[in-house]
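Everything below concerns the one structure shown next.
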Amino acid sequence: MKPAPERHLVEARLTFDAFFAADYRAVVGLAAVLCGDRAVAEELAQEAFVAAFRRWETVGTYDDPGGWVRRVVANMATSVWRSRLREASALARLRSRQQPAAELSAVDSDFWAGVRRLPRRQTQCVALHYLEDRPVDEIAAVLGIASSTVRVHLHQGRIALARMLGEREEDDHDGR
Amino acid sequence: MTVDERGHAARAAVLEELETISVPSATSVLRRVRARRQVRRLVLVGVVTAVVMPVVVLERSNHRVDVNVSGTSPFRDLPKGSVVSGGWASIPKGAAGLSGTTDLSTIASTGTAVIVGGAGLWRSTDGLHWSSVAPDALSQPVTAIGAHGPDIIALTGTEGRAATMQVLRSSDDGKSWSVSTTSDFGTPAPSMGRPGVTSLLWSDAAQEWVAGGGASEGNAGVWVSTDGRSWHSVLPANHAGSADVVPDGFGGFIAWWADQVWTSPDGGRTWTPDAPSELPPHTTLNAMAPGGVLAAGVDTTYSTPTTPLLRSADHGKTWIEDARTTLGLTIVRGFSHDSGIWAAEGHLSSDDRPSAWISTDSVNWTALPSSLKPSGKGDLSLSVTIGTTTVFLSEESRVDRFFAASAPSAGLDHTTACPSSVPRRLVDGAVPDSGDPLPPLAYAVTNRTTIEQQLATAEPELRRTYPRATRIEVGPGFGAAWTGTNGRGSSIVLVDDYALVVHLPDTSACPRPPRLYDQWHGTPVFYVIDR
């Protein structure tokens, strides 16, 4: 029989594995709409999951460990990581030519391109709102900011998007 | 259409495409991220190179100050500031001629000299005193060095968006170097540290250089070259991030990455498709020793503080944890095996301090004394043996000392060391492996239809080869290749489809993989030479 500490590790590992398998695609999706590139998004998502794993004793006890990972991804994707990994985008395009793989062309749409042109916090709030269909309170929890702040960012983001896309903004979205 | 409607449509499109993404295993992601961080370090080394190189040139050997070490120290004329304990020494890099705070990446031995590369290039003939041999034209970090007699080749990493890598060549045992460039490794992807060659070996079988590492398109890469100047890729596309290459002891090579292994029995020309290794649960490969018979695993949870030592008898396809052998609470980063001495290096997981071990049988290890370890954290990942001195270095600039072990003074008799692998010789060739410090332990048997005839022909040679053998048996093997003892006075060699067992009266305790000998023991023996 394995000693208790190892059993504990195995159990923790299985829990993390399940969490990883369940949330991987969604986190890649969030990273993709934030950075606009599938390969870079996968790198960001993987880095975020590794960060979660290294703190799994703590993160694993959270009500929403996925929220923690999303915060890490959101911050990475809209920070210096974006510029640092820009070259990896070119690499990813090269790789996609050599090794056909599932692309995320949908993140290249005008809508997501517009989202990425928003200021950092607006980008994060709008992406979490539209991609993950999260209510304001959840977005606030994920990003660690006040709900009122999220409402402001969402409102301003929608206005800016409406101008960029030539569409009209719609009222009363933020109260969910 | 409203912004919301556009947003919902955009969401639906993304979600639909996300379904097409395959979800990797958490294990592979952990390994991949770890490897990415390692290759990014190489890029950082490049930046350091440009700053440090002029200083390095000025420091050539100027810090060498010899001191006498009293007592029973096996080391003479150690650089100033060295500390000795038993058969081990801790030596300041700066005083030894290595720039004290320089990043190092790779090491190789010609047999008469050791070359270390990184943010510069250094040479030593004793492993204790170094001098810079970096040519003025070197402008990139050296990431791989390979030696073939006095001929040495070193490859650099790419620098920024430079489209070329530098190729350094020496034909005088590393004393002088010429520099050329090549773009054959692919379009640079500096943000991923690609292309990045980390292994460089000479293939006697193919008469070519073999380089392994990470290709620019993100996959593992193996390239070959006859002259070091022009290279072409030989490893098929795969899903690994990089490939480290070790000789298999038969003239071929094993490339590995995490839990994947490729083999090239023809000396690097062709490679098997990538295939997962069979490993203990939650374990991937962290370091593989030359010969492909010994490896260090790593717990993929990154939490278990011990490194399982693994043994393989089938060119890395299957690895079995050797419960008899432990290096304590350690993470092993690398192995070497020269002149009959096994070396392992890494750090203690208990306090992140560097550690190193030497052994003559890869079972019983002697560790770097605690009193010689620096107080700070760090990792050792480079080792080489020249003469009877094994040198351990860190890739990290924060570790400003390196370590040396003298096998005899550390209590090890390397003259009775176990061979790293089975020499590949046909029975009908009956040519002893004269390069091994021991009498050859095996002849590969490759043709069942003529086996007995071959053995009859080879019997006189076998008797001469094993003058002390009390019995030599040949029986069916397991498609494996390995040599060692059963711990009861017999050497067993499993070669391809046949096994050759040499019973010796007092064979040293060479390692054996669990199970294999026991599987073989008792199976019908179809050829016996009794004394």
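The values are calculated or read from the model by the stated rules, or taken from the named source; none is laboratory data. Predicted, not measured: the structure shown is a model, and the values here were computed from it. As a convention, Cβ positions derive from the backbone with ideal geometry for all residues, glycine included, and neighbour counts pool all protein chains shown.
With B:Asp77, B:Asp4 as the choices, which residue is at pLDDT 80 or above, under 28 Å from B:Phe402 (Cα atoms) and surrounded by 13 or more Cβ atoms within 10 Å (Cβ to Cβ)? Full working, then the answer.
Values: B:Asp4 fails: under 28 Å from B:Phe402 (Cα atoms).
Criteria check complete, one pass: B:Asp77.
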Practice task
Among the residues of region B:307-341, write down those that are among the acidic types (Asp, Glu) and in a loop (DSSP other than H, G, I, E, B).
Solution key: B:Asp314, B:Asp322
Problem - Of all residues in region A:118-151 being without any contact (Cβ under 8 Å) to a residue 40 or more places away in the chain and of a type in the set (A, V, I, L, M, F, W, C), the one that is surrounded by the most Cβ atoms within 10 Å (Cβ to Cβ) - result: A:Cys125
Exercise for the section: Restrict the check to region A:61-75 and report whether at least one residue is more than 14 Å from A:Glu132 (Cβ to Cβ) and within 10 Å of chain B (Cβ to nearest Cβ). Expected result: no
Handout entry: Hits in region B:23-36 (condition: modelled with pLDDT of 80 or more and more than 7 Å from chain A (Cβ to nearest Cβ))
Key = B:Pro24
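Looking at region B:353-364, which of its residues are in a loop (DSSP other than H, G, I, E, B) and surrounded by 21 or more Cβ atoms within 10 Å (Cβ to Cβ)?
B:Thr360, B:Ser362, B:Val363
Rundown of residues vs (1) at pLDDT 85 or above; (2) at negative phi; (3) of a type in the set (Lys, Arg), yes/no style:
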position	(1), (2), (3)
B:Ala134	yes, yes, no
B:Met165	yes, yes, no
B:Lys175	yes, yes, yes
B:Gly196	no, yes, no
B:Ser199	yes, yes, no
B:Trp202	yes, yes, no
Fill in the blank from the handout: When every residue in region A:37-76 that is touching a Gly at 6+ places or on another chain (Cβ under 9 Å) and under 21 Å from A:Ile145 (Cα atoms) is compared, the one modelled with the lowest pLDDT is A:Ala52
Practice task
Go through region A:33-45 and give me each residue that's touching a Phe, Trp or Tyr at 6+ places or on another chain (Cβ under 8 Å) and facing chain B (nearest Cβ under 9 Å).
Solution key: A:Val33, A:Ala45
